[in-house]
Amino acid sequence: MIAPLFLTGAEFWADQTVNGLTTGSIYALIALGYTMVYGVLQLINFAHGEVFMIGAFAGYGVLVGMGGDDLTGVMVALAIVLALLAAAVASAATSVTIERIAYRPLRNAPRLAPLISAIGVSVFLSHLVDDGFLGGQSKFYPLIFPNGGISLGPLSVSYLQMFLMGSSLLMMAALYWVVQRTGAGRAIRAVAESRTNASLMGIDVNRAIVITFVLGAIMAGFAGVLYGLFLSSIRGSMGFIPGVKAFTAAVLGGIGSIPGAVVGGYGLGLAETLGREVLNEIPGVNLPNEWKDVVAFSVLVLILIFRPTGIFKQKETKRA
Amino acid sequence: MLKLRALVAGYGGITAIKGIDLHVEEGEIVTLIGSNGAGKSTTLRAISGIIRARSGAIEFAGKSIDRLQPHQIVRLGISQVPEGRGIFARLSVSENLSLGAFQRKDKEIGSDLARVTELFPRLKERLSQPAGTLSGGEQQMLAMGRALMARPKLLLLDEPSMGLSPILVETIFSTVRTIREQGATILLVEQNASMALEVADRAYVLESGVISLEGTGAELATDDSVRKAYLGES
Ligand SMILES: Nc1ncnc2c1ncn2[C@@H]1O[C@H](COP(=O)(O)OP(=O)(O)OP(=O)(O)O)[C@@H](O)[C@H]1O
Ligand SMILES: [Mg+2]
């Protein structure tokens, strides 16, 4: 029964798996911000996709400013490192501003209010960049990353894919360390369980919430640059689809759970890439690339119906 | 050390405490007793800044604290073990204890941790376990141990004996004495009036949001109305 699926050959499926893990890395990085903010505020930060977009543009600015397509040698590496740093800073600043202006004043409002505020910020930012600054045009990342890659049996991975997957894993490991091993991380986890009890420990709850937004935004900004390096074309509305997919990944993993966001991100990347190709194995079916989105959002609907708590269910904690 | 003057506080349309005057002097154990819904927890919440005083004043060490945020009040040296213990179930026992010392920067946190685990040996064996897996009594020990990690000048305890077996209640009350001997001042809210009046230097009785009686622990323990209402005697 399974055999016909592999008619296309091992190499093809190995490629698709690598592609799935590559997009999965980006989803996982973005999903971390959704899940952490949800953890402390029970808020779906719908503007998080735009935080990712701002990071992509900040990185673009640095790369072009440093010479764009003319960059060579070590300067490429330096430019990419600076682009990633600039993206982290720009995304963090954006996210902190959004929290301050659009969410904090609504902290004690009915839960729908900050959600609507979030959607408003999301639409505002994507249109501001698209219509306000770019006049509906896309921008293109310079193609400076060294070409080529390595092959191992049926497996071939480009250097860019290796960089993308490897640096994402490093960022996630760093985040895990901050959350699990530092005082700020402990404060964030305490606030996620109970704001009142955290304040009784001498924790400045607002500060812990701001740090949460900053950490999530750093991941998203980083992902923005990786996205630009990989797909080149960026625009103001670019955050929407990856944003909703990363949100799906967070729900898939169990929103509020950090390991869940990572597993959900890779899981969704693989599911949408391999899912379309599996469907394409059916004789007479030839689905275009957009069908990835159909697969991804079908996953969202199915989890919401059958396992709304996701893979890593979070224990209910008392709210105070 | 702590002074409440004509303190009024509540929730939405409810006025839970209606003009309380109360003071706690350095080194004292003062208890606040009263029946369910009298406003005891509300009083402690107002002192810690979790709810805002509607009117009146709260002074600590001569300074007004009723406009401060909860974390600023902790920094001044007031820690609270809230009703229900307030432990972080998903964090480990040792993480809970180190959160107690969150606002401290000195070098003696490690030796305080040793002191707390000496006071509560059961915690020592369970340091890496999620705090939510502790028994009720162990959670109460954790909550008190964690409050000690803050080295509070004033410790507010909200019904520390609630739901514990008589033996554990004894342990908790003897711990309250130990904490005082180590230099902290204590404001103790209790339903267990007989135990509370026994350890307390002074006591207040709170009824429907107002103080109806005050005196030394011994005086209130022999007061007829207190014996009837809170010590279960007819
Ligand atoms: N979060 C809240 N929202 C609304 N009303 C509240 C809230 N907390 C307490 N109250 C009300 O305030 C009054 C005083 O409550 P409080 O918790 O201070 O009583 P208590 O003396 O601590 O009682 P207990 O011994 O049962 O703990 C009660 O009438 C209670 O219903
Ligand atoms: Mg109470």
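Here is how the numbers come out for the structure above:
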quantity: Gyration tensor (alpha-carbon) shape descriptor, the stretch B:1-84, a/c threshold 1.5; calculated: rounded
quantity: Accessible carbon and sulfur surface of chain A relative to its total accessible area, %, 1.4 Å; calculated: 69
quantity: The stretch A:102-153 shape via C-alpha gyration tensor axes, a/c threshold 1.5; calculated: oblate
quantity: Those residues of the stretch B:13-59 for which accessible area with every protein chain present is at least 30 Å² below the isolated value (1.4 Å probe); calculated: B:50
quantity: Candidate aspartates and glutamates - alpha carbon under 18 Å from residue B:228, same-chain residues fewer than 8 apart omitted; calculated: B:190, B:198, B:207, B:214, B:219
quantity: Over chain B: Kirkwood hydrodynamic radius from C-alpha pairwise inverse distances, Å; calculated: 18.0
quantity: Highest to lowest packing among A:251-257, B:91-97, B:21-27, scored as the average C-beta count within 10 Å; calculated: A:251-257, B:91-97, B:21-27
quantity: Rounded to 5, percent antiparallel among DSSP beta bridges of the protein assembly as shown; calculated: 60
quantity: Residue-normalised accessible area of chain A, expressed per residue, 1.4 Å probe, Å²; calculated: 45
quantity: Loop trypsin sites (Lys or Arg not before Pro), the stretch B:107-198 (other Cβ atoms within 10 Å of the site Cβ: 14 or fewer; DSSP); calculated: B:107
quantity: Residue-normalised accessible area of chain B, given per residue in Å² at a 1.4 Å probe; calculated: 42
quantity: Candidates A:148, A:49, A:260: whichever shows maximal mean-square fluctuation once chain A is modelled as a Gaussian network with Cα springs under 10 Å; calculated: A:148
quantity: Ranking by accessible area, most exposed first, for A:291, A:13, A:177 with a 1.4 Å probe; calculated: A:177, A:291, A:13
quantity: Top of B:186, B:33, B:87 by mean-square fluctuation, Gaussian network on chain B, Cα under 10 Å; calculated: B:87
quantity: Phi-based couplings in Hz for the stretch A:194-208 (Karplus 6.51, -1.76, 1.60; Gly and Pro marked x); calculated: 6, 5, 4, 5, 5, 5, 6, 8, x, 7, 7, 4, 4, 5, 4
quantity: Extension gain from residue B:125 to residue B:227, taking 0.36 nm per residue of separation minus the Cα-Cα distance; calculated: 32.6 nm
quantity: The protein assembly as shown shape via C-alpha gyration tensor axes, a/c threshold 1.5; calculated: prolate
quantity: B/A buried area, accessible surface, summed, 1.4 Å probe, Å²; calculated: 1900
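The values are calculated or read from the model by the stated rules, or taken from the named source; none is laboratory data. Since we're looking at a predicted model, the values are computed, not measured. Heads up, the Cβs are rebuilt from the backbone with ideal geometry, glycines too, and the neighbour counts pull from every protein chain shown. Note: accessible area is taken over every heavy atom of the protein model, side chains too, but ligands, DNA and RNA are not part of it. Shrake-Rupley method; radii C 1.70, N 1.55, O 1.52, S 1.80 Å.
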